[in-house]
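Visitor: The following block contains the structure, expressed as structure tokens.
The values are calculated or read from the model by the stated rules, or taken from the named source; none is laboratory data. Everything numeric in this text was worked out from a predicted model, so none of it was measured. Virtual Cβ from ideal backbone geometry, glycine too; neighbours counted across all protein chains shown.
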Amino acid sequence: MDEKILREVYNVLESRRDSPIDSYTSNIMKDSDKKAEDKILEKIAEECGETIIASKNDENLVYESVDLIFHTLLLLVYKGVEFDEILEEFDRRRK
Ligand SMILES: N=c1c2ncn([C@@H]3O[C@H](COP(=O)(O)OP(=O)(O)OP(=O)(O)O)[C@@H](O)[C@H]3O)c2ncn1[C@@H]1O[C@H](COP(=O)(O)O)[C@@H](O)[C@H]1O
């Protein structure tokens, strides 16, 4: 297991965006009745709340944090951000 997994998941999300199938992420990105971006942002807000609760309760913190990180990555994919842009930003911030 190594950090390549994040890039691999990101690539899968890009493929779900560009070649939609009947799946959670394809469906949320092509959500018609509610603007896809709003739906993803709604999930980020929901997962943020669940992460706060998980931290306060010292329970499921990794599970809920991964839900939050995942939905943030989903937003970035939906908005057309390249994975390398995220890595470059983290690199820029290193002291
Ligand atoms: N990493 C994830 C991932 N994490 C969370 N989720 C989904 O995000 C949704 C979260 O919604 P909910 O919070 O309601 O679900 P929940 O967390 O089980 O329930 P709560 O306790 O939060 O209420 C669930 O449907 C999860 O399945 C994910 N769905 C997909 N991925 C990755 O994205 C790829 C593409 O996914 P699909 O397009 O669905 O094949 C997959 O191969 C995975 O690698």
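Visitor: Pairs only if they're at least six apart or on different chains, beta carbon under 7 angstrom, first in region 40-52 and over 11 Å from PHE70 (Cβ atoms), second of a type in the set (Ser, Thr, Tyr); list them, first residue then second.
Guide: Within 7 Å, the pairs are THR51/SER65.
Visitor: How many of the residues in region 1-10 are more than 15 Å from ILE69 (Cα to Cα) and either among the hydrophobic types (A, V, I, L, M, F, W, C) or in contact (Cβ under 8 Å) with a residue 40 or more places away in the chain (or both)?
Guide: Of the residues in region 1-10, 1 are more than 15 Å from ILE69 (Cα to Cα) and either among the hydrophobic types (A, V, I, L, M, F, W, C) or in contact (Cβ under 8 Å) with a residue 40 or more places away in the chain (or both).
Visitor: Can ASP84 be described as at pLDDT 95 or above and either exposed (fewer than 12 other Cβ atoms within 10 Å of the Cβ) or assigned to a helix (DSSP H, G or I) (or both)?
Guide: Against the criterion (at pLDDT 95 or above and either exposed (fewer than 12 other Cβ atoms within 10 Å of the Cβ) or assigned to a helix (DSSP H, G or I) (or both)), ASP84 qualifies.
Visitor: If I ask for residues that are more than 10 Å from the ligand (Cβ to nearest atom) and within 25 Å of ASP84 (Cα to Cα), which ones from region 19-38 would you list?
Guide: SER19, LYS30, ALA36, GLU37, ASP38
A quick yes/no check of all residues on (1) among the aliphatic types (A, V, I, L, M); (2) outside any helix (DSSP H, G or I); (3) out of contact with any helix residue (DSSP H, G or I) (no Cβ under 7 Å at 6 or more places or on another chain):
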position: ILE44; (1), (2), (3): yes, no, no
position: GLU47; (1), (2), (3): no, no, no
position: VAL62; (1), (2), (3): yes, no, yes
position: VAL66; (1), (2), (3): yes, no, yes
position: LEU73; (1), (2), (3): yes, no, no
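Visitor: Related question: Any residue in region 27-37 that is modelled with pLDDT of 95 or more and either assigned to a loop (DSSP other than H, G, I, E, B) or loosely packed, with under 10 Cβ neighbours inside 10 Å (or both)?
Guide: So far as region 27-37 goes, no, none of its residues is modelled with pLDDT of 95 or more and either assigned to a loop (DSSP other than H, G, I, E, B) or loosely packed, with under 10 Cβ neighbours inside 10 Å (or both).
Visitor: Hey, another quick one. Could you tell me which of the residues LYS79, LYS56 is more than 10 Å from the ligand (Cβ to nearest atom) and in contact (Cβ under 8 Å) with a residue 24 or more places away in the chain?
Guide: LYS79
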